[in-house]
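Structure first, then comments.
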Amino acid sequence: EAQVTQNPRYLITVTGKKLTVTCSQNMNHEYMSWYRQDPGLGLRQIYYSMNVEVTDKGDVPEGYKVSRKEKRNFPLILESPSPNQTSLYFCASSSGGRAYEQYFGPGTRLTVT
Amino acid sequence: GENVEQHPSTLSVQEGDSAVIKCTYSDSASNYFPWYKQELGKRPQLIIDIRSNVGEKKDQRIAVTLNKTAKHFSLHITETQPEDSAVYFCAASRWDSNYQLIWGAGTKLIIKP
């Protein structure tokens, strides 16, 4: 089954404790991205990757890191989480970049206390 | 940069009636306009998209219209059904921004029985 998976689905952590949210897709998509979703603000892109070893900042990259060592994986790293990073996070992939259908993962609900 | 405004933020319609959600964009060079549907607790999913070389696109009960002169595009849902209840997001992107997707804030559509 073609899908995008994320782990964990729910995470409660404390300020400053490094965490990683994994994202994996099995569709051989070149393009992957991370979004955060907050009430009233819609979806805001954090980082994206056009291919392996190619990453770039989105609209709200501060406080986040990403890596793309393999085509299928695109982890999101929060080196020192803060309460303002409490949000719902979605990973997405696409076969042709942002001008084509984005396949979203199930989301990760992160709470930073 | 590009800005996408989406209205209304909440729309309540009687089952069987039509619903219209409108988005306006600021960058006249934008040329790709997708609509995503997000059911409660689920991931966003593409329902329809349109490119700037066409003015209208239909898929069963769903249609999207694009007015490039006025820089707005709209989602039309006819004969609404309970399963249409969701949050709908519009977005816009353009070629030379590496197809960066700029998202509207979302419209919560409520279908009243």
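Condition (residue is at pLDDT below 95 and more than 27 Å from residue B:88 (Cβ to Cβ)) applied to the range A:14-25: is it met by at least one residue?
Among the residues of the range A:14-25, not one is at pLDDT below 95 and more than 27 Å from residue B:88 (Cβ to Cβ), which makes the answer no.
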> Which ones in the range B:1-43 are under 19 Å from residue A:59 (Cβ atoms), within 11 Å of chain A (Cβ to nearest Cβ) and surrounded by fewer than 18 Cβ atoms within 10 Å (Cβ to Cβ)?
Replying inline: B:1, B:2, B:5
> In the range A:54-100, what residues are in contact with a helix residue (DSSP H, G or I) (Cβ under 9 Å, 6 or more places away or on another chain), under 20 Å from residue A:110 (Cα atoms) and either at the interface with chain B (Cβ under 10 Å from one of its Cβ atoms) or hydroxyl-bearing (Ser, Thr, Tyr) (or both)?
Replying inline: A:64
> Considering the range B:60-72 alone, what residues qualify as being farther than 14 Å from residue B:22 by Cβ and at pLDDT 95 or above?
Replying inline: B:60, B:61, B:62
> Considering only the range A:101-113, how many residues are within 8 Å of chain B (Cβ to nearest Cβ) and over 15 Å from the mean Cα position of the chain (by Cα)?
Replying inline: 1
>> Which condition from (1) modelled with pLDDT of 95 or more; (2) over 23 Å from residue A:105 (Cβ atoms) is the one that residue B:45 breaks?
In response: (2)
> Are any residues in the range B:62-113 of a type in the set (Ser, Thr, Tyr), away from every other protein chain (no Cβ under 14 Å) and either closer than 14 Å to residue B:46 by Cβ or in contact (Cβ under 8 Å) with a residue 24 or more places away in the chain (or both), and if so, which ones?
Replying inline: B:74, B:78, B:80, B:85
> Across the range A:52-92, which residue is surrounded by the fewest Cβ atoms within 10 Å (Cβ to Cβ) among those that are without any contact (Cβ under 8 Å) to a residue 24 or more places away in the chain and part of a strand (DSSP E or B)?
Replying inline: A:54
> Just one of the numbered conditions (1) touching a Lys or Arg at 6+ places or on another chain (Cβ under 6 Å); (2) part of a strand (DSSP E or B); (3) surrounded by fewer than 20 Cβ atoms within 10 Å (Cβ to Cβ) is not true of residue A:49; which one?
Replying inline: (3)
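The values are calculated or read from the model by the stated rules, or taken from the named source; none is laboratory data. None of the values given here were measured: they were computed from a predicted structure. When we count neighbours, we look across all protein chains shown, and the Cβ atoms used for this are built from the backbone with ideal geometry, even at glycine.
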